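Just so you know, all these numbers are worked out from the coordinates, no wet-lab data involved. Note that this is a predicted model, so its numbers are computed, not measured. Cβ placement follows ideal geometry from the backbone for every residue including glycine, while neighbour counts extend to all protein chains displayed.
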Amino acid sequence: MSNRKSALSRANLGFLLAKASQRWNEELSQGFAAAGFASVRPAYGSILIPLFEEDGLRLGELALRGGIAKQTMTTMIREVEAAGLVRRKPDPADARATRVYLTAEARRFAPTAERVLAGIERRAAAVRGFAEMQGVADWLRRFARI
C-alpha cells in the first residue's frame, strides 16, 4: 500500500478550497442579511471589490480585475445592476466602451461589507494566527494569478 494520499479524498486541496470558499460565502451571506442587505450575493464581490478600489472602470478592466471572463462579467453586471448596486454609462472617451459605477446603495452597503469581511478575517486568523493567514493569502494570490 502506498503512503501517498489519494486525490479522491476530502484531504484533496481543491476539495478543501471549495469547502473553505463555501463556508466563507455562507458567513458573508449571513452577515449581509443580518445587516439588512440580504439581496447582496457573495458572487457580487467580483464586481464590487474592484469598483470599491476604483469606481468607473471599463467592463474589460473590471473583468480583468475581478478575475472573470468578459462575457461572464457582462451577465453578472446585469444582475448587480438589477440589484441596484451599479449602473453602466457610455465611456465619454470611447463611445464603443462602457464604464461601470457604484450607486448610492452600493456606497451605503460598503461599511457593512467592510465590517462583515473584517469579522470573517478575524475568525479565520484566530484558527492559526494572522501571519499564517497572510501566507495563505499570498499563496492564493499567486495561484489565482491576481
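At 1.567 mPa s and 4 °C, plugging the Kirkwood radius over alpha-carbon pairs of the chain into Stokes-Einstein gives what diffusion coefficient in µm²/s? In µm²/s, the coefficient is 75.
Per the Debye calculation on the stretch 100-146 with a single equal scatterer at every Cα and no solvent contribution, log₁₀ I(q)/I(0) for q = 0.14, 0.17, 0.23 Å⁻¹ amounts to -0.52, -0.68, -0.84. Compactness of the stretch 1-77 was expressed as the Cα radius of gyration divided by 2.2 N^0.38 Å, which yields 1.49. Restricting the stretch 4-78 to trypsin sites (Lys or Arg not before Pro) that sit in a DSSP loop and have at most 16 other Cβ atoms within 10 Å of their own Cβ leaves 4, 5, 10.
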